[in-house]
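Here's the structure we're looking at; comments come further down.
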Amino acid sequence: MSGPNLLLTRIDNRLIHGQVGVTWVNHLGANLVVVANDKVAEDEVQQNLMDMVLPDVIQTRFFTLQKTIDIIHKAAPRQKIFLVVRDVHDALTLKEGGVPIDHLNIGNMHYEEGKKQISSTVSVDDQDIKAFKRLGELGVELDLRRVPDERGQNILDLL
């Protein structure tokens, strides 16, 4: 059996919001958005807010990282999955856990104390850089881009 129909994995610390809910979902032709995040998996209020952003025809699942690792391979071929994670560390955990992430879109990683801004929407610290380099070693294509029609850039070139 082939792996899950994973269209794209995106890092976005806002998870599902207007840009993800409309622009990316339409661009990809996704019919399922999986949010892999331990905190959101337990927070129904956040889940409901995110669901409101998406059209009714798009399904959502809110899984912990471990549950995502455990069940992503059971997805039906008709499920066109857009996987969204909060940060690079969640993406690395999933990849190392066997989730077939070959292409990672880096959308938003907000600035906070101790991070340096490397693009208009992405700020990183030493741990983030280490995680991105590890993903690169694992063969993941690392594409920094906010929206689909923007020209992407390999994040490793900016580190």
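The values are calculated or read from the model by the stated rules, or taken from the named source; none is laboratory data. Note that this is a predicted model, so its numbers are computed, not measured. So basically every Cβ, Gly included, is an ideal-geometry build from the backbone, and we count neighbours across all protein chains shown. In case anyone asks, the SASA skips ligands and DNA or RNA and just uses the protein heavy atoms, side chains included. Shrake-Rupley method; radii C 1.70, N 1.55, O 1.52, S 1.80 Å.
Things worth noting here:
- Of Ile106, Met50, Pro148, farthest towards positive along the dipole that unit charges on Lys, Arg, Asp, Glu beta carbons give segment 4-149: Pro148
- Residue-span extension gain [Met52 to Asp102] - 0.36 nm each, minus C-alpha spacing: 15.1 nm
- Between Glu112 and Arg151, the modelled labels are 3.3 nm apart [label points 7 Å from Cα along Cα→Cβ].
- For the chain, the relative contact order is 29 percent, taking Cα pairs closer than 8 Å that sit 6 or more residues apart in sequence and dividing their mean separation by the residue count.
- The chain: calculated mean residue ellipticity at 222 nm from DSSP helix runs of at least 4, using -39500 (n - 2.57): -7000 deg cm²/dmol
- The charge dipole of segment 82-151, taken about the Cα centre with unit charges on the Cβ atoms of Lys, Arg (+1) and Asp, Glu (-1), comes to about 80 debye, rounded to the nearest 20.
- Accessible surface of segment 14-159, 1.4 Å probe, proportion on carbon and sulfur as whole %: 46 percent
- Entries in Lys39/Lys130; Lys39/Lys74; Lys74/Lys115 that, when Cα-Cα distance is taken, lie over 32 Å: Lys74/Lys115
- Where only alpha carbons of the chain are counted, the Rg and the Dmax (Å): 14.7, 45
- Gap separating the Cα centres of segment 75-107 and segment 1-58, nearest whole Å: 11 Å
- Rounded accessible area per residue of the chain, 1.4 Å, Å²: 52 Å²
- His89-Leu159 FRET efficiency (beta carbon distance; Förster radius 22 Å; 0.05 resolution): 0.90
- Only Lys, Arg (+1) and Asp, Glu (-1) charged, at Cβ; segment 1-129 dipole about Cα centre in debye: 520 debye
- If both residues of a DSSP beta bridge must be in the chain, then about 15% of such bridges are antiparallel.
- Straight-line cross-link partners of Lys95 among the aspartates and glutamates, defined as a Cα under 14 Å from its Cα and at least 8 positions apart when in the same chain: Asp70, Asp87, Glu137, Glu141.
- Contour minus Cα-Cα distance for Glu137 and His27 (0.36 nm per residue): 36.8 nm
- Cα gyration tensor shape of segment 1-63, rounded if a/c is under 1.5, else prolate or oblate by comparing a/b with b/c: oblate
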